[in-house]
Amino acid sequence: MKNIDDFQTITKPEPSLSSQLLKEIDTTLLEVETKHREVNPVLKHLEKWVNIYLGPGTAEFHGMKGTTIPAIRDENRNAVIPSRSTEIDGRTYYLSIKGCGAHEDMFFGDVLTPEKIAAACREPALLPRVAQLRNPSGFIMAESWMGESPYGAQGSPNAHDGLEFSSLTKNASINGAYICPVIGIVPLAGIIEDTARMFYWFRQYPKPFYQEMRLVPSRMRLYFESPHVLADPSSAFAQFHVDTPKQAERFEINFIKSGLSLLSLFLRSAQERDGNISALAYYDIWFDKDAIVAPDGIIHFADIEGLDWRTVPLKPVQQCRELVHSIQRKEWDKLVFEFLFALVQIDAYRALLDGHTFDWAKQRENLSFFIQMSIEKDPFLYTRIVDGSLNAYVESPTFPSIDPVVIPIIQGVKI
């Protein structure tokens, strides 16, 4: 089988990124030991990190004891711990806690204050303790967030889905499609959940409260939910210390290879179960905020609870082929714009580093070349130029009877 992890190597910038992350520390988490945990068997060696992590507000409110750890707030309810990192396949990943308390008011968007928390308190006896909070940030409440999670924490189904999908990975990827794998999950049952259920504006999240511990390669997202985004490629490249045309080219090739791998996740993850094809599909997610980019350019899908299993009966054969083709095309089409938008920014900045001015015709030509080069060793994906169209051919070695799904990438290509 061809090597699906044959990515370009960039001079290792991780130590510099680690130093940068340490400078961005803006909060603390209280780590509380727990015996109630579920651990990803693939990452069993990191089980010691699977504990309860509380933001300042929740920790102070309960007067809990534990180990205080410097962290960086990430999105509204998450935090990254720069001092805890591990290496997977030569790439550095940092511990990220999902569901360690909300930092912002749910309806007005600004920072949480004791007054705003008090407005959500449905138990008057707790109000004096709320008023005494010195640092209310990182407070866990019970308001239902889109029916999926309690505000500031993680919902039970999402946590368990993330753990299940993460167990499919090898070196943080599912057949070449990279994700931010969950190490383990912990329930917040007891005093934390019971108290949080007394804080809500309209309605409570009905299911058990959880946290999840996952690994992230950086804080760099495509456009939103981070101060570091690829929409500003000069800033992104500076943080990753990508400052030569050759480094930028390697970064771009890795970005293309990993991006196309994520777009073809459905067939990459396909397996046979009980006479059916079972494969992963994206549900209500977007790359603009749900993907994180590593210093070498590899895109990792972060919010993996947004995945779901899709099932296609193997028989009748023709109907199976048509349905597989339809699903894979839709999966590709609904996310490809966000990938291409970021790719255009990266390629334009690479050209700038190389001393060239922007030329759309030249860029299309360069991208056609880079796309073909990036996936030449991918067993699930190959390209051909047919009638002036650069097409992707997505297939699954597990199901050779299903013809490759043909998807145009760049049309009007000159050979």
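Points worth noting:
- If you take the Cα centroid of segment 143-218 and the Cα centroid of segment 316-357, the two points sit 29 Å apart.
- Whole-Hz couplings from phi, Karplus 6.51/-1.76/1.60, listed for segment 174-188; x for Gly and Pro: 9, 6, x, 9, 7, 10, 8, x, 7, 7, x, 9, 9, x, 9
- Scanning the chain for trypsin sites (Lys or Arg not before Pro) that sit in a DSSP loop and have at most 10 other Cβ atoms within 10 Å, the longest stretch containing none of them is 204-413.
- For Glu322 and Lys23, a Förster radius of 60 Å and the Cβ-Cβ distance give a FRET efficiency of 0.65, rounded to the nearest 0.05.
- A protection proxy built from the mean count of other Cβ atoms within 10 Å ranks the segments 100-107, 53-60, most packed first, as 53-60, 100-107.
- Degrees between helix 360-374 axis and first principal axis of the chain (Cα, 0 to 90, nearest 10): 80 degrees
- Using the Cβ-Cβ distance between Val406 and Ala125 with R0 = 60 Å, the FRET efficiency computed as 1/(1 + (r/R0)^6) comes to roughly 0.40.
- For segment 136-152, backbone nitrogen atoms closer than 16 Å to the point 7 Å from Phe224 Cα along Cα-to-C-beta are found at 146.
- Cα-only radius of gyration and Dmax that characterise segment 77-161, units Å: 15.8, 53
- Proximal aspartates and glutamates relative to Lys116, as straight alpha-carbon distance under 18 Å, when same-chain residues fewer than 8 apart are discounted: Glu60, Glu104, Asp105, Glu143
- Set Lys207/Lys334; Lys289/Lys362; Lys48/Lys98; Lys23/Lys257; Lys44/Lys65; Lys23/Lys65 screened for pairs whose C-alpha atoms are more than 23 Å apart: Lys207/Lys334; Lys289/Lys362; Lys23/Lys257; Lys44/Lys65; Lys23/Lys65
- This ranking places Trp201, Trp145 by how few other beta-carbon atoms lie within 10 Å of each, fewest first, which gives Trp201, Trp145.
- According to the Kirkwood relation over distinct C-alpha pairs, the hydrodynamic radius of the chain is 22.5 Å.
Where a number appears in this text, it was derived from the coordinates with a stated rule and is not lab data. Computed from a predicted structure; not experimentally measured. Because the Cβ atoms are built from the backbone with ideal geometry, glycine has one as well, and the counts that use them run over all protein chains shown.
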